[in-house]
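**Student:** Take this structure, written in structure tokens, and hold onto it; I'll ask about it next.
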There are 2 protein chains.
Amino acid sequence: MSVPVVGMIGGGQLAQMCAAAATALGIGFRVLANSLTDPAAQVVRDVRIGDHDDRDDLLAFAPGCTVITFDHEQVPPVYLEQLEALGIAVRPGPSALFHAQDKIHMRRALNDIDVPCPRWRVVSALDHVTDFAAEVAWPVVLKTSRGGYDGRGVWVVRSAEQAAEVLAIPLAAGAQWLAEEQINFVQELSAQVARSPHGQAVAYPVARTKQVNGICAEVVVPCPGLAADRAVQAQEIALRIARDLNVTGMLAVEMFDTGDRLYINELAMRPHNSGHWSIEGAVTSQFENHLRAVLDLPLGDPRAVAPYAVMVNILGGDVDDLYSAYRHVLARDPGLKVHLYGKQVRPGRKLGHVTVIGDDYEELLLRGRHAADYFAGVIDE
Amino acid sequence: MSVPVVGMIGGGQLAQMCAAAATALGIGFRVLANSLTDPAAQVVRDVRIGDHDDRDDLLAFAPGCTVITFDHEQVPPVYLEQLEALGIAVRPGPSALFHAQDKIHMRRALNDIDVPCPRWRVVSALDHVTDFAAEVAWPVVLKTSRGGYDGRGVWVVRSAEQAAEVLAIPLAAGAQWLAEEQINFVQELSAQVARSPHGQAVAYPVARTKQVNGICAEVVVPCPGLAADRAVQAQEIALRIARDLNVTGMLAVEMFDTGDRLYINELAMRPHNSGHWSIEGAVTSQFENHLRAVLDLPLGDPRAVAPYAVMVNILGGDVDDLYSAYRHVLARDPGLKVHLYGKQVRPGRKLGHVTVIGDDYEELLLRGRHAADYFAGVIDE
């Protein structure tokens with residue numbers, strides 16, 4: 001049989017959750033993991049151990065893969081270009097992916113295609129920040145252009161003194177940072193789309209996301225109370241970005257909603273935490289549609305199977321043994337879907353998530369938060 | 001972490017589909033497969049190669065498993081008793097499982113607990129059949145007591161001559177067979193329940209199954225037009241069997257519905273083809289509930305997430321390359337869920353299935369049948 005093989009670089013929970021979708025589709029699935037204890041490496045049959053930024057490891061991994069894709073955005077673009085030069089399909093391609101790797105590059109590209117962004121400025125000296133703050137007012141958001149995730153690499157500064165403190169070392173090292181105006185949002189949204197090389201695209205219902213300390217804490221889909229035209233606008237923005245930046249696979253566009261306007265915060269070109277609900281809550285999960293998209297197969301229906309889906313992340317707390325919570329959590333809520341990634345517990349680390357679907361999102365949120373809190377040891381009954 | 005490990009004997013598609021549920025729950029999952037090309041062996045990380053009826057292979061497989069369970073019912077009971085004697089949990093236990101291994105034993109036990117069965121007779125000589133046929137009338141169904149599945153080991157005979165032809169060799173070898181009256185049913189049903197060692201049990205909606213040549217061809221859940229009291233009766237029968245036979249894990253009770261009465265046809269003590277719809281169609285799939293049950297964890301909600309779910313098996317036909325159908329099938333029906341097991345194509349072999357959920361079961365059946373027929377090469381558009 002001419003079964004294709006998707007090779008995913010990175011062995012985290014996104015690769016782990018893609019594995020189930022690959023198994024159902026009956027396609028091959030190979031993972032490049034850093035170690036055998038990575039979430040995907042614990043469960044996937046075809047695991048190669050190597051480093052995502054080691055050229056030789058990448059070159060050893062790729063042969064036999066129909067297409068290379070990603071669990072994270074940390075692979076050096078130059079190596080991906082070398083893979084492409086060898087005739088290996090890389091999706092999203094390195095030039096598209098670079099927008100999710102370099103925030104200055106992303107802001108320039110988004111301005112070019114005229115989608116709404118916070119005002120921003122490249123910062124290579126302290127007075128770039130103070131000049132910018134004079135325009136947009138303090139506080140200002142400072143971001144590393146590369147390498148940040150889950151709130152790392154982002155600082156909110158309220159004065160020139162605070163900015164100087166954050167920037168002293170990187171500016172001395174010659175780094176370019178990004179300053180952005182702080183948007184006073186009423187809620188954060190995530191608009192996810194899948195897009196295939198032949199240009200088909202589908203849009204998921206728009207999610208409301210809640211971040212705590214820069215980490216996604218909970219997701220409600222569809223965003224409660226979001227006006228239909230605003231939801232369509234969010235989907236159209238995501239579809240436009242996917243098309244104009246030539247994204248293939250899943251794209252998540254995180255947005256601020258001020259009530260009056262939407263502003264684009266971040267892009268992710270892979271399955272995303274804001275789409276985990278889709279495993280149980282959508283006809284086709286983001287993981288399946290990512291695989292279908294990178295293989296240039298027709299995409300699956302992204303629509304929801306219930307009025308609401310709620311996902312709450314399980315973050316590391318004081319309890320080392322997550323399994324000890326199972327009996328209580330599962331007995332209390334037979335409708336709860338638990339996903340644990342097999343990671344060692346560390347405070348604040350994403351260890352898993354729970355999803356519940358149903359009619360009343362407020363009730364679903366109470367159920368999801370209870371389970372996540374119980375796993376984390378925040379509550380004990 | 002005190003993560004348990006479920007060890008499943010048999011590497012077929014049931015083990016393959018359990019793997020996704022085990023991954024989500026974050027529990028360990030080990031498979032004893034006959035070869036690396038078995039469906040589960042292609043995708044599961046912790047695979048051991050061995051023979052399900054080799055005592056040494058079983059003894060090598062079990063250590064480290066929290067509980068042993070099954071992809072099929074072919075493991076010799078005496079070896080399972082030996083595992084239990086070593087302190088290894090086996091679920092379902094060998095004395096329960098034996099009812100699904102030996103049809104004569106099953107019929108006796110079902111008569112003892114007074115659940116409705118076709119009339120039956122143990123056959124060790126030809127005149128046992130002719131005497132029985134004189135009571136119940138021809139045709140009579142002859143079954144091997146052990147080892148049959150998917151219609152193998154079952155013959156419908158219409159005369160003493162036909163019976164003699166079927167039985168000549170086995171009776172000469174001293175085998176005991178089973179003769180059963182043929183039930184003129186209007187439809188076949190499957191009632192599935194999950195039961196845990198501490199006695200919790202949940203019942204899935206009753207499925208209508210359609211067999212072709214003794215192989216499950218399609219399933220509609222819930223059974224269209226089945227009166228509510230008849231559905232409850234079917235569920236109660238399955239719950240009673242699970243309790244009285246001390247079944248742990250999933251139990252499928254296949255029944256004939258004559259319109260007036262239900263008759264028990266077969267038992268399966270594992271996830272079952274009639275429950276594949278539950279991956280997309282139920283809050284908790286049969287695979288997850290099997291794992292939860294054998295681990296004595298609280299069971300998940302078995303209810304449906306849509307008014308109807310339809311599953312159609314993909315059976316081997318003339319097309320060797322199933323993947324060649326993907327582009328057409330997926331483009332035609334974005335809501336279709338495809339499951340391919342990674343098996344080599346052989347005519348009539350179960351190679352995968354498709355599931356669709358929605359409001360109108362007749363439309364769902366057309367969609368499911370089209371996809372299955374297209375995969376099999378029965379139709380080409």
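The values are calculated or read from the model by the stated rules, or taken from the named source; none is laboratory data. Quantities reported herein were computed from a predicted structural model and do not represent experimental measurements. Note: ideal-geometry Cβ built from the backbone for every residue, glycine included; neighbour counts use all protein chains shown.
**Student:** Going through the stretch A:19-39 one residue at a time, which ones are more than 22 Å from A:Leu351 (Cα to Cα) and among the β-branched types (Val, Ile, Thr)?
**Tutor:** Result: A:Thr23, A:Ile27.
**Student:** In the stretch A:192-219, which residues are assigned to a strand (DSSP E or B), over 18 Å from A:Gly249 (Cα atoms) and touching a residue at least 40 places away in the same chain (Cβ under 8 Å)?
**Tutor:** A:Ala207, A:Thr209, A:Gln211, A:Ile215, A:Cys216, A:Ala217, A:Glu218, A:Val219
**Student:** In the stretch B:335-367, what count of residues is obtained for those that are in contact (Cβ under 8 Å) with a residue 40 or more places away in the chain, more than 8 Å from chain A (Cβ to nearest Cβ) and either in a strand (DSSP E or B) or farther than 19 Å from B:Gly317 by Cα (or both)?
**Tutor:** 11
**Student:** Just one of the numbered conditions (1) over 23 Å from A:Val67 (Cα atoms); (2) more than 14 Å from chain B (Cβ to nearest Cβ); (3) not in a loop (DSSP other than H, G, I, E, B) is not true of A:Gly225; which one?
**Tutor:** Every listed condition holds for A:Gly225 apart from (3).
**Student:** I would also like to ask the following. Kindly indicate the residue of the stretch B:368-381 that is surrounded by 20 or more Cβ atoms within 10 Å (Cβ to Cβ) and touching a residue at least 60 places away in the same chain (Cβ under 8 Å) and also farthest from B:Pro39 (Cα to Cα) among those meeting that condition.
**Tutor:** Step by step, filter the stretch B:368-381, then rank; the result is B:Gly368.
**Student:** So which residues in the stretch A:1-13 are among the β-branched types (Val, Ile, Thr) and away from chain B (no Cβ under 11 Å)?
**Tutor:** If the condition is that a residue be among the β-branched types (Val, Ile, Thr) and away from chain B (no Cβ under 11 Å), then A:Val5, A:Val6, A:Ile9 are the ones that fit.
**Student:** Determine whether the stretch B:231-239 contains at least one residue that is in contact with a Lys or Arg (Cβ under 9 Å, 6 or more places away or on another chain) and part of a strand (DSSP E or B).
**Tutor:** No, because not a single residue in the stretch B:231-239 is in contact with a Lys or Arg (Cβ under 9 Å, 6 or more places away or on another chain) and part of a strand (DSSP E or B).
**Student:** Go through the stretch B:285-301 residue by residue and tally those that are of a type outside the set (A, V, I, L, M) and surrounded by fewer than 24 Cβ atoms within 10 Å (Cβ to Cβ).
**Tutor:** Here the count works out to 3.
**Student:** Moving on. Hey, does the stretch B:170-184 have a residue that's outside the structural domain of B:Asp296 (by TED's automatic domain parsing), under 30 Å from B:Leu295 (Cβ atoms) and exposed (fewer than 14 other Cβ atoms within 10 Å of the Cβ)?
**Tutor:** No; the residues of the stretch B:170-184 include none that is outside the structural domain of B:Asp296 (by TED's automatic domain parsing), under 30 Å from B:Leu295 (Cβ atoms) and exposed (fewer than 14 other Cβ atoms within 10 Å of the Cβ).
**Student:** Is it the case that B:Asp114 is surrounded by fewer than 21 Cβ atoms within 10 Å (Cβ to Cβ), more than 29 Å from B:Ala234 (Cβ to Cβ) and acidic (Asp, Glu)?
**Tutor:** For B:Asp114, the condition - surrounded by fewer than 21 Cβ atoms within 10 Å (Cβ to Cβ), more than 29 Å from B:Ala234 (Cβ to Cβ) and acidic (Asp, Glu) - is not met.
**Student:** Right, next: Looking at B:Tyr374, is it hydroxyl-bearing (Ser, Thr, Tyr) and touching a strand residue (DSSP E or B) at 6+ places or on another chain (Cβ under 6 Å)?
**Tutor:** no
**Student:** Then there is this: Collect the residues in the stretch A:16-45 that are of a type in the set (D, E, K, R) and in contact (Cβ under 8 Å) with a residue 24 or more places away in the chain, keeping them in residue-number order.
**Tutor:** Across the stretch A:16-45, the qualifying residues are A:Arg30, A:Asp38.
**Student:** Restricting to the stretch B:8-66, name every residue that is acidic (Asp, Glu) and surrounded by 21 or more Cβ atoms within 10 Å (Cβ to Cβ).
**Tutor:** Hit for the stretch B:8-66 is B:Asp38, nothing else.
**Student:** Just to be sure before I move on: is B:Ser95 within 11 Å of chain A (Cβ to nearest Cβ) and either closer than 20 Å to B:Asp244 by Cα or at pLDDT below 95 (or both) in the structure I sent?
**Tutor:** Against the criterion (within 11 Å of chain A (Cβ to nearest Cβ) and either closer than 20 Å to B:Asp244 by Cα or at pLDDT below 95 (or both)), B:Ser95 does not qualify.
**Student:** Right, next: Could you tell me whether A:His328 is in contact with a His (Cβ under 6 Å, 6 or more places away or on another chain) and within 12 Å of chain B (Cβ to nearest Cβ)?
**Tutor:** It is false that A:His328 is in contact with a His (Cβ under 6 Å, 6 or more places away or on another chain) and within 12 Å of chain B (Cβ to nearest Cβ).
**Student:** A follow-up question, please. Just one of (1) over 26 Å from the mean Cα position of the chain (by Cα); (2) without any contact (Cβ under 8 Å) to a residue 40 or more places away in the chain trips up A:Leu142, so point out which.
**Tutor:** Only one criterion in (1) over 26 Å from the mean Cα position of the chain (by Cα); (2) without any contact (Cβ under 8 Å) to a residue 40 or more places away in the chain is unmet by A:Leu142, namely (1).
**Student:** Quick one: which residue in B:Gln16, B:Gln42 is under 30 Å from B:Val345 (Cα atoms), touching a Pro at 6+ places or on another chain (Cβ under 6 Å) and within 9 Å of chain A (Cβ to nearest Cβ)?
**Tutor:** On inspection, the qualifying residue turns out to be B:Gln16.
**Student:** Can you pull out every residue in the stretch A:19-35 that is within 11 Å of another protein chain (Cβ to nearest Cβ) and touching a Cys at 6+ places or on another chain (Cβ under 9 Å)?
**Tutor:** Hits for the stretch A:19-35 are A:Gly28, A:Phe29, A:Val31.
**Student:** How many residues are out of contact with any His (no Cβ under 8 Å at 6 or more places or on another chain), under 27 Å from A:Ala201 (Cβ atoms) and aliphatic (A, V, I, L, M) when one looks only at the stretch B:339-374?
**Tutor:** 5
**Student:** Out of the residues in the stretch A:125-170 that are at pLDDT below 95 and polar (S, T, N, Q), state the one that is farthest from A:Asn213 (Cα to Cα).
**Tutor:** A:Ser145
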